[in-house]
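Quick note: the coordinates plus some simple rules give every number you see, no bench work behind them. Note that the structure is a prediction, hence the values are computed from the model and not measured. Counting neighbours? That spans all protein chains shown, and the Cβs are built from the backbone with ideal geometry, glycine included.
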Amino acid sequence: MSAPRPFLRSLLALVLVAMAATGLSTHSGFAATGEEAGAAPEEETAESAAEAGAHSKLPLPRFVSLKSARVNLRVGPGKDYAVSWLYMKPGLPVEIVQEFELWRRIRDSEGTEGWVYHSLLSGTRTGIAAPWLTGKATTIDVRRSAAEDSSLVAKMEPGVVSKVRECAFSWCQVEISGRKGYVHQNDIWGVYPDEKF
């Protein structure tokens, strides 16, 4: 008696996810798009292979942003998997934590995880102002320069999404509605502590 097709599909997906997690790849030669566009080729070493995605060769984990105004978050890496969430905010920062072929497992600022197709992601860096303070009566200072005594140019409420232009020495330059300024790196979600770019 043959196994039902949904069971075989699920079993195959689990095997392929396990292969991706161990660095084995079943596809190669795809053109880079979405969050992989513009990435410089790297020499592969045993050390970098352990820290890079099996397909993209980009670091894991890494922050990217949503490119599309409608992004389906799926329970598995394929269009046959159920949609668990629908994002409707382009530019929202997410963290890629795993790769499987052309699919990326992402995590949002609330800890929700799931799979999205790679072309729905962008390498553009964005950040969310202190999402852990959402609902509290507080604001995040945006300063003219990367110094504590610099003048204020704006205040961001928790949960506001901004473009992140650069980060260095615990400060990030952000842009909100055409206004640029600097915020403490630990006041935004979408960059790693002490990350420089």
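Brief remarks on what is shown
- Of the strands (runs of 3 or more DSSP E) contained entirely in the stretch 83-171, those carrying at least 3 residues that are surrounded by 17 or more Cβ atoms within 10 Å (Cβ to Cβ) and not hydroxyl-bearing (Ser, Thr, Tyr) fall at 93-100, 103-107, 113-117, 126-129, 140-143, 161-168.
- Residues of the stretch 106-120 satisfying the condition of being more than 28 Å from residue 135 (Cα to Cα) and in contact with a strand residue (DSSP E or B) (Cβ under 7 Å, 6 or more places away or on another chain): 115, 116, 117, 118, 120
- Any hit, the stretch 157-175, residues being within 22 Å of residue 69 (Cα to Cα), acidic (Asp, Glu) and within 17 Å of the chain's Cα centre (by Cα): no
- Verdict on residue 71 being more than 22 Å from residue 193 (Cβ to Cβ) and either in contact with a helix residue (DSSP H, G or I) (Cβ under 6 Å, 6 or more places away or on another chain) or surrounded by fewer than 17 Cβ atoms within 10 Å (Cβ to Cβ) (or both): yes
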